[in-house]
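Shown next, in structure tokens, is the structure this report addresses.
The values are calculated or read from the model by the stated rules, or taken from the named source; none is laboratory data. Since we're looking at a predicted model, the values are computed, not measured. Cβ coordinates were reconstructed from backbone atoms using ideal geometry, including for glycine residues, and neighbour counts include every protein chain displayed.
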Amino acid sequence: MKTIWHSIAILATSVISLTVVSPSWSEDKTYTLSYSSGTLFHELVRDRIKVVYERAGLKANFVALPHNRALMSANDGTIDGDVGRIASTVEKYSNLVRLNVKVMDLNGAVYTTRDDIAAYDDSILTKSRVGYILGVRWTEDKMKGLEATVVQTYPALFDLLLDNRVDVILTTEESAEPIIKSLGDRAAPIRKLQPFAYTAPIYHLLNKKNADIIPRLENALTALQKEGYWKD
């Protein structure tokens, strides 16, 4: 009898130990992550995060959502996270946590067709007609308290500029350049001003319920960067 109770005690201890040390993530789980629809920059971030999850041995599914809905869905736990945003996003969405290793940098550019605007400085935002995309955090922060024309797509944003309905537009460089290229000869009057209006690292975001996979993802992302997997 003593031997039986001893065996039961060992088994119970083993079960408790497994419960304590085993992570809550499962390699069989598929993490659903949002990215902003119609935004080339976010598609680039998505593609990098896909590689990171593969390197980490985790499964991920990606869904395109409007800017704000993507973050709200990640924050309320409807989905597991968002492919990437600026660091300050977690201040607004309290249920989101971020990796401490950046995915890539975001460069916020200003474009104009006006010859009398030679370079960018913040005073341009107060004395010019400005357009930007709804839901893009850095542009909303820049234009807080200022008047602007807001649209939902990048083609619509460049139409504002080319139709002379605004003097300058604020947009992420990586999303803007393909649109400019697609415009062909229509793009001739468009100039990108220097310096950038905004530059910031982008971080992968997860709902707090998935915080346990952060170290695994950070290790994978760091390894990929050290290998020079991406050129930047």
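If you take just the helices (runs of 4 or more DSSP H) that sit entirely in the stretch 81-187, which of them hold at least 1 residues that are modelled with pLDDT under 95 and within 30 Å of Thr222 (Cα to Cα)? Spell out the reasoning first.
On the way: elements: 89-92, 124-127, 137-142, 154-162, 173-183.
The helices (runs of 4 or more DSSP H) meeting that bar are 89-92, 137-142, 173-183.
Can we say Val63 is within 14 Å of the chain's Cα centre (by Cα) and either in a strand (DSSP E or B) or assigned by TED's automatic domain parsing to the domain that holds Leu134 (or both)?
Considered against the rule, which asks whether it is within 14 Å of the chain's Cα centre (by Cα) and either in a strand (DSSP E or B) or assigned by TED's automatic domain parsing to the domain that holds Leu134 (or both), Val63 comes out as yes.
Collect the residues in the stretch 66-104 that are under 15 Å from the mean Cα position of the chain (by Cα) and among the hydroxyl-bearing types (Ser, Thr, Tyr), keeping them in residue-number order.
Ser73, Ser88, Thr89, Tyr93
Pairs needed: first member in the stretch 165-187, under 11 Å from Leu40 (Cβ atoms); second member anywhere, modelled with pLDDT of 95 or more and of a type in the set (D, E, K, R); C-beta distance under 9 Å; at least 6 residues apart or different chains.
What qualifies is Glu173/Lys192; Ala176/Lys192; Glu177/Lys192.
Can you pull out the residues in the stretch 194-232 that are of a type in the set (Val, Ile, Thr) and farther than 20 Å from Leu106 by Cα?
Within the stretch 194-232, Ile213, Ile214 qualify.
Which residue pairs have Cβ atoms closer than 7 Å, lie 6 or more positions apart in sequence or on different chains, and pair a first residue in the stretch 125-139 that is within 21 Å of Pro155 (Cβ to Cβ) with a second residue that is aromatic (Phe, Trp, Tyr)?
Ile133/Tyr154; Trp138/Tyr198; Thr139/Tyr132
Just to be sure I understand, how many residues within the stretch 209-232 are surrounded by fewer than 13 Cβ atoms within 10 Å (Cβ to Cβ) and not small (Gly, Ala, Ser)?
Result for the stretch 209-232: 6.
Name, by its number, the condition in (1) surrounded by 14 or more Cβ atoms within 10 Å (Cβ to Cβ); (2) without any contact (Cβ under 8 Å) to a residue 24 or more places away in the chain; (3) under 21 Å from the mean Cα position of the chain (by Cα) that does not hold for Lys144.
The single condition Lys144 does not satisfy is (1).
Could you check the stretch 138-164 and list, in sequence order, the residues that are within 17 Å of Thr199 (Cα to Cα) and touching a strand residue (DSSP E or B) at 6+ places or on another chain (Cβ under 6 Å)? Before the answer, list the steps.
Restricting attention to the stretch 138-164, the residues satisfying the condition of being within 17 Å of Thr199 (Cα to Cα) are 138-143.
Correct list: Trp138, Thr139.
Among the residues of the stretch 148-186 satisfying the criterion of being over 19 Å from Arg129 (Cα atoms) and among the aliphatic types (A, V, I, L, M), which is nearest to the chain's Cα centre (by Cα)?
Ile179
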